[in-house]
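Presented below is the structure to which this report refers.
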Amino acid sequence: MGVQTIPTEILVQIFSSLSSPDLLRTSRVSRRIRAISLPLLYSSLSLHTTEDIGVNPTPISTLEKLLRTVLAPGGEALAAHVNTLNLFWAHSGTTNEEPQPLQPLTQMALALHDLTPNGQVVLLLSRLPNLRVFDVTPNFTGTWSFNDFALELIATEPSFPSAFHSLREVRFTPRRTEFGVNEDTLLVLLQLPSIDCIDIYLHITSDIEPEYGEGLSSTVTKLSLWNDGIEANELATILKIPRALTHLSCTSPMDENFNNAMQPVRGSLQYLHLAPLYNANAPPELGSLRGWAELRSVQCILSHLLGRAFLGVRHLVDVLPAGIRELGIMDREDEDFPRVVEEVVALLERKAELVPGLKRLTVDMPAGEDVDILVRACGAAGVLLCSQGVFGDAFVADA
């Protein structure tokens, strides 16, 4: 039985495990094999730009090479295969030249190496009709930032209203926090049509006023905001825009009114992940989540749920919603691990009554007697116990 007689579905499964160089060689076997290989080869692209992109066109960057490919005759067929674009963006951001005026996308193909880095990226995005995920990992060394890119996107997008209709996810994770997305750029991202997921580092440059985004609504259902000190009232203002939010991950605000800030999405939120602020002596309390009927997954530190000011007054059995399926207790350097075990065991003993759907428990704690107690309690309750392995070896204790 030759390769040509194997069903296409099976070949797709086989070829999906090949590396890019192997897929490229495989695509030269025959027309049929090429038709199967190219969508896999171009589905997810990772580009590493160079320091001199847009300043010194030699050597040609991978970004410019790809642009030349998709702009060439027949290139639109290759561009249609691209589903995910990961851009590792490094450039000098030199300011010794006069800034170039923004150009409509119709004029950008004339001289690629004369475009700003932002211009090249915008042009590429406009030529990828089925792009769903745009993931940027920048290493800026100058004054350029994702906010500059957003300005260029705003200036050019109206010329191509359908160019970004397929984009679903935008991720931006800078290596230097000062180049994070500012509040104005966040508002732009929230308004892009069809965007479902935004994962960014938010670097707020001024106080977010209550009128922020007034009257707007967004299609975003998954929002990750890693930030440098957003306050609860500012978070509440932001959450008024994506009104059907189901997933929220963020660095917990230092403001104590966090529970009130969550009210705009209380009726839709299913997944809540709060990263602890290690520089805060008293992290904000979530308050009781018992009435959050849609909440299925919670990951935070124990102090978020129980507080520190009144130890012993509130317990896990008092605050978790009945529909929860996953609970994660993250690490904190000064966490009281015996208390974690005590609270979790008490909850598991009343699982059938309080949280019948709980299936998974994740903890960050050192291996030892406390973990052994949890293993036994989870086994008795039929709950999968996992460890992040922060303090010791990772383990999974299946019930």
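Descriptive notes on the structure:
- Nearest-0.05 FRET efficiency for ARG339 and GLU211, computed from C-beta distance (R0 35 Å): 0.25
- Largest to smallest accessible area among ASP135, ASP22 [probe 1.4 Å]: ASP22, ASP135
- Within the full protein context, the accessible area of PHE88 is estimated at about 70 Å² for a probe radius of 1.4 Å.
- Full extension of the chain segment joining ILE373 with THR137 gains 80.8 nm, where the gain is 0.36 nm per residue of separation less the Cα-Cα distance.
- Where labels lie 7 Å past Cα in the beta-carbon direction, separation of ASN257 and GLU9 in nm: 5.6
The values are calculated or read from the model by the stated rules, or taken from the named source; none is laboratory data. All values derive from a computational prediction rather than experimental measurement. Quick reminder, even Gly has a Cβ in these numbers, built from the backbone with ideal geometry, and neighbours come from all protein chains shown. Ligands, DNA and RNA are stripped out before the accessible areas are found, and what is left, the full protein with its side chains, is counted by its heavy atoms. Shrake-Rupley method; radii C 1.70, N 1.55, O 1.52, S 1.80 Å.
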